[in-house]
Each structure stands twice: as C-alpha cells, then as structure tokens.
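See structure below.
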Amino acid sequence: MTVRSLSRFWNFLQSNGGFYIAVASIALVLVLGIHNLAFSQQPVRISVLMQALEAAQWQPLVEEFEKQNPDIDLHIVEGPNATNLVEDLYTSSFLLGDSPYDLVYMDIVWTPKFAAAGWLTDLSDRISDEELSKFLEGDVNGGRYNDGLYRIPFRSDAGMLYYRSDLLEAAGFEPPETVEDLTRISQALMENGDVEWGYVWQGKQYEGLAAMFVELLEGFGGFWIDPETQAVGLDSPETIAAVEFLKNTLENGISPPGVTTYQEEEARRFFQNGKAAFMRNWPYVWTLANAEDSPVAGKIAIKPMVHQPEYDSGACQGGWGLGMVNTTKHPEEAWRVIEFITSKAAQKQFVLETGYVPSRRSLFTDPDIVAKYSHYPQLLEVQENSVLRPPIAQYAQASDILQRYLSAALTDRLSPERAMQRAAEETRRLLGR
Ligand code: GLC
C-alpha cells in the first residue's frame with residue numbers, strides 16, 4: 001500500500017464517520033496484540049560454546065532443561081576439542097564485541113584472565129555461602145578473582161595414574177610410587193612381552209601438557225609461578241629434573257615416540273587398546289576403558305601420580321563451570337541455566353551417564369553413583385588434595401611459554417636445561433620481573 005492510497009483510505013474513513021474509525025482501531029489493536037503475544041512466546045535463546053565432544057554429552061541435560069523451562073532455548077555451539085582453542089574462540093568473540101554467547105563454559109584456568117578483562121558478570125550476589133559450601137573448595141576457589149565470583153563449578157577434574165592391575169599382579173609388582181618404580185616396572189613388563197610400551201601421557205604442545213607437567217613439578221619439588229610473589233621456578237634444578245624424566249621416558253623407550261603428539265584422547269585409545277601398562281589421564285577415562293567393548297575392561301586401576309621419593313605427588317586440579325557473559329541481554333535466563341546445570345540433580349544425571357566427576361561433595365558418596373563407580377569416595381580425596389595451575393591473569397600466555405619450551409625439550413630442539421632457562425626468562429618478562 002502506497003502513502004497516497006493510505007491517505008485516500010484515511011479520507012474515506014473520515015468521510016464515513018466515526019464507526020469505521022472505531023472498527024479499524026479495534027482491528028489494529030487486535031493485530032498488534034496477537035503479534036506481541038506471539039513474539040513474547042518465542043523462547044529466549046541462551047548460547048554457550050563448548051568442545052564438540054562434550055556438547056554431545058550435554059544433550060540429555062539440554063532436553064531436560066528445556067522441558068522444565070519452555071521459555072528458554074538452550075543453544076549449544078560446538079567448538080574444537082582442546083581447551084585452549086575454545087578459549088581462543090571466546091576471547092576473539094569478546095575482543096570483537098557483541099559476543100554471540102550468553103554463558104561461558106569455562107575451564108578452571110580461564111577465570112583470572114576473563115574476569116580481569118571484565119568480560120564476566122560477578123555472580124557473588126546470586127548464590128549464598130551456604131550453597132557454595134556444598135561444592136569442592138578447590139573448584140569454588142577456581143571461580144574467584146579478587147573479590148568476585150565468576151564461575152559456578154559444574155564438573156571437577158584431577159589428573160591421575162592409570163595402570164594395568166592384571167599385568168602388575170601377575171608379574172608380582174606393587175603399584176608404583178616413585179618415578180623410578182614406574183620406569184623399572186615398565187621395562188620389566190616390556191621385556192616379558194606383556195605389553196608393547198610402558199607409559200603414555202599428554203606430550204603435545206597444548207594446555208594438557210602444562211596440566212600434566214604441574215603434577216610432575218609437585219612430585220619433583222619444583223614450581224612454576226608463585227601467584228603471591230610472582231617468583232618463577234622453571235629454571236630450578238627440580239624443574240629441570242622433571243623435564244629430564246619426561247625426556248628419558250622417550251629415550252629409554254618406555255614411552256612411544258608418538259607421545260609428543262598426544263592429547264588425552266590419543267593416550268586413552270592407546271592405553272585402552274592394551275598397548276601400554278601406565279597412563280596419565282583424567283577420571284573420564286575410567287568409564288570408557290571399563291566399557292564392555294574395551295579390551296582392558298576390569299583390568300585397570302587408578303592411583304595418584306608417581307613422584308620422587310622425597311616429595312609427594314599432586315593431582316592437577318582441572319574442571320569446568322559456567323560463567324555469565326557481562327553483555328548478555330538475558331541475565332535472568334542465563335542464571336536459570338547456571339542454576340539448573342550445576343544443581344545436584346543435573347550433576348548426578350550427567351555423572352551417571354558419562355562418568356565425569358561432580359563438583360558437589362555429596363555426590364561422591366551418593367549411593368547410586370557409588371553403586372556404579374565404586375572408586376568415587378577415594379576420588380574425593382584425590383580431588384581435595386589437588387594442585388592449581390597458577391591463578392594469574394596472564395595464565396594463558398604463561399602456559400603458552402611453558403608448552404613451547406617443554407615441547408622444544410621433548411622433541412630434542414633444546415636441552416631440558418636450556419629450554420627451561422629460556423622459559424623462565426620469558427615468563428619473568430611476561431610478569432614484569
Ligand atoms: C581437562 C581439565 C582442564 C584442563 C584440560 C587440559 O579438560 O578439566 O582443566 O585444562 O583437561 O587438556
């Protein structure tokens with residue numbers, strides 16, 4: 001309808017008196033009303049990005065959430081299967097402005113950077129201390145930055161040593177305590193022809209390498225960055241000895257050369273196919289390696305990571321939780337997603353379906369969970385004694401430096417000593433020391 005025909009229509013209405021005007025106005029009000037009603041009934045879309053592997057595992061939770069909250073469309077965007085790559089995607093979406101995400105499904109190590117950059121909403125006022133005390137302390141602390149709380153924990157994680165209990169028992173070995181035990185038992189089992197390789201771990205240049213390395217650092221008495229003093233310990237003799245141990249696993253042939261390209265999943269498949277006696281990995285492996293079609297089902301056990309005789313081991317504190325993007329137009333709906341996903345019921349469902357580790361303490365001893373995963377009460381102990389990667393705003397860069405130089409040492413481009421000296425220098429420069 002053109003402007004001219006509209007004005008002709010209006011003139012017609014006027015010349016035909018108030019009756020037509022009244023009818024037309026009522027019609028207009030009705031049409032607008034129906035349109036608004038239809039519009040307001042469109043569910044609000046809440047978007048979150050995560051690794052594709054986990055996106056598939058979230059599906060039952062998403063369905064349950066949407067059933068209980070028909071006014072919200074929880075939209076999961078699939079990302080690459082490596083924490084640092086997903087972090088990069090979130091980071092560029094925030095730097096470009098107008099981020100398409102309402103929530104951040106956050107690795108524990110992203111908190112300081114995302115919070116310091118002002119990309120997240122402080123959630124302190126939305127949750128009581130009493131409610132927070134039901135979660136593992138390390139997981140809650142991993143969501144704090146300065147005085148704020150930026151991430152509510154969903155699932156926890158801690159690195160551990162998996163081993164072939166059947167092979168060790170048959171050959172009369174106790175599970176290894178020290179790195180020396182691990183090497184000796186590996187060599188003996190390989191010589192016997194029981195297994196092709198001794199030890200698999202995450203040796204690729206990515207975040208998983210740094211996570212694995214903090215466990216060894218603890219067990220060798222070294223340190224990376226002291227978050228209080230910002231002192232850097234990468235060039236200490238203890239740290240260099242930890243790198244030498246990793247390099248030796250390759251040189252003495254207990255670890256396959258391919259390990260320097262392995263992430264968690266490559267290591268898991270190798271171990272699950274019965275090709276190695278020991279593996280460093282996260283708790284999620286337990287369910288998969290014990291599944292009916294797994295060649296090592298029922299033949300494996302877990303224990304804390306090996307260490308030097310004079311030190312104790314530490315499990316790397318990992319884990320995932322939800323933060324709220326501070327530019328979201330729907331903070332109330334976003335919070336309802338956080339509340340639902342981190343609730344006891346949702347965590348229980350997710351843990352039973354996937355074998356991940358909960359972040360709520362009571363679930364470690366929940367009868368249904370223990371019936372399925374008898375080792376969870378012990379896992380609680382491992383979780384509660386875990387070691388954090390340095391919680392500093394420059395963590396992503398610090399980790400990148402460590403990954404680069406560790407990888408250079410493992411692939412023979414630099415000696416462990418030289419690599420760690422350079423890593424220490426660069427890290428000190430990064431921290432302005
Ligand atoms: C696991 C951990 C996470 C860690 C990552 C490294 O997903 O939960 O904290 O950064 O592995 O690959």
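The values are calculated or read from the model by the stated rules, or taken from the named source; none is laboratory data. Note that this is a predicted model, so its numbers are computed, not measured. Don't worry about glycine lacking a Cβ; one is built from the backbone with ideal geometry, like all the others, and counts go over all protein chains shown. Please note that ligands, DNA and RNA were not included when accessible areas were found on the heavy atoms of the full protein model with its side chains. Shrake-Rupley method; radii C 1.70, N 1.55, O 1.52, S 1.80 Å.
With the whole protein complex present, E177 retains an accessible surface near 90 Å², based on a 1.4 Å probe.
How would D400, D312, D107 rank on accessible area, largest to smallest, probe 1.4 Å?
D312, D400, D107
Shape of the range 362-432 from the C-alpha gyration tensor: prolate (a/c of 1.5 or more and a/b above b/c, with a ≥ b ≥ c the square roots of its eigenvalues). Here each label is just a point 7 Å from Cα along the line to Cβ, and for E174 and A241 those points are 2.1 nm apart. Accessible area ranking (1.4 Å probe, heavy atoms, ligands and nucleic acids excluded), largest first, for I127, I338: I127, I338. Helix 18-40 and the longest principal axis of the Cα set of the chain meet at an angle near 10°. Calculated mean residue ellipticity, 222 nm, the chain: -15000 deg cm²/dmol, from DSSP H runs (n ≥ 4) at -39500 (n - 2.57) each, averaged per residue and rounded to 500. For Q59 and R404, a Förster radius of 25 Å and the Cβ-Cβ distance give a FRET efficiency of 0.10, rounded to the nearest 0.05. For the range 60-142, with all protein chains in place and a probe radius of 1.4 Å, 48% of the accessible heavy-atom surface sits on carbon or sulfur.
Take the Cβ-Cβ distance between H375 and E310 as r, set R0 to 22 Å, and report the resulting FRET efficiency rounded to the nearest 0.05.
0.20
Between R184 and E251, the FRET efficiency from the beta-carbon distance, with R0 = 22 Å, is close to 0.90. Think of a 1.4 Å ball rolled over the protein heavy atoms: the range 180-267 then has 35 Å² of accessible area per residue. Entry comment: accessible area of the range 288-433 is 43 Å² per residue, from protein heavy atoms only and a probe of 1.4 Å. Surface listing: D366, D88 arranged by accessible area from highest to lowest gives D88, D366, probe 1.4 Å.
Rounded if a/c is under 1.5, else prolate if a/b is larger than b/c, else oblate: which is the range 266-333, with a ≥ b ≥ c the root eigenvalues of its Cα gyration tensor? Here the range 266-333 falls in the oblate category.
Approximating the spin labels as points 7 Å out from Cα along Cα→Cβ, the A345-to-E130 distance works out to 2.0 nm. S386 contributes an accessible area of around 30 Å² to the protein surface, as traced by a 1.4 Å probe with all chains present.
Taking each pair of different alpha-carbon atoms in the chain once, compute 1/r for the pair, average those values, and report the inverse of that mean as the Kirkwood hydrodynamic radius in Å to one decimal.
Details: mean 1/r = 0.0416 Å⁻¹.
For the chain, inverting the mean 1/r across all distinct Cα pairs yields 24.0 Å.
Counting only alpha carbon atoms, the long axis of helix 207-220 and the longest principal axis of the chain meet at about 40°. Which of the lysines could a cross-linker bridge to K204, judged by Cα under 29 Å and excluding same-chain residues fewer than eight apart? Of all the lysines, those that pass the test against K204 - Cα under 29 Å, at least 8 places apart if same chain - are K113, K247, K275, K299, K303. Taking 0.36 nm per residue of separation and subtracting the Cα-Cα distance, full extension of the segment from A52 to E66 would add 3.0 nm. In degrees between 0 and 90, to the nearest 10, how far off the longest principal axis of the chain does helix 331-341 point, with axes built from Cα atoms? So the helix axis and the longest Cα principal axis differ by about 40 degrees. Taking only the C-alpha atoms of the range 164-289, Rg followed by Dmax gives 15.2, 50 Å. Annotation: amide H of S47 within the under-5 Å range of H75, D102, L103, sequence separation 5 or more or interchain, hydrogens built in the peptide plane.
Using a/c under 1.5 as the rounded threshold, could you call the range 293-433 rounded, prolate or oblate? The axes a ≥ b ≥ c are square roots of the C-alpha gyration tensor eigenvalues, and prolate needs a/b larger than b/c, oblate otherwise. It is oblate, given that a/c is not under 1.5 and a/b is not larger than b/c. Extension gain, R433-A393: 0.36 nm per intervening residue step, less the Cα-Cα distance, totals 12.9 nm.
So in the chain, what percent of DSSP beta bridges are antiparallel if you round to the nearest 5? Of the beta bridges lying entirely in the chain, close to 60 percent run antiparallel.
Charging the Cβ of each Asp and Glu at -1 and of each Lys and Arg at +1, and nothing else, the dipole of the chain about its Cα centre rounds to 1560 debye.
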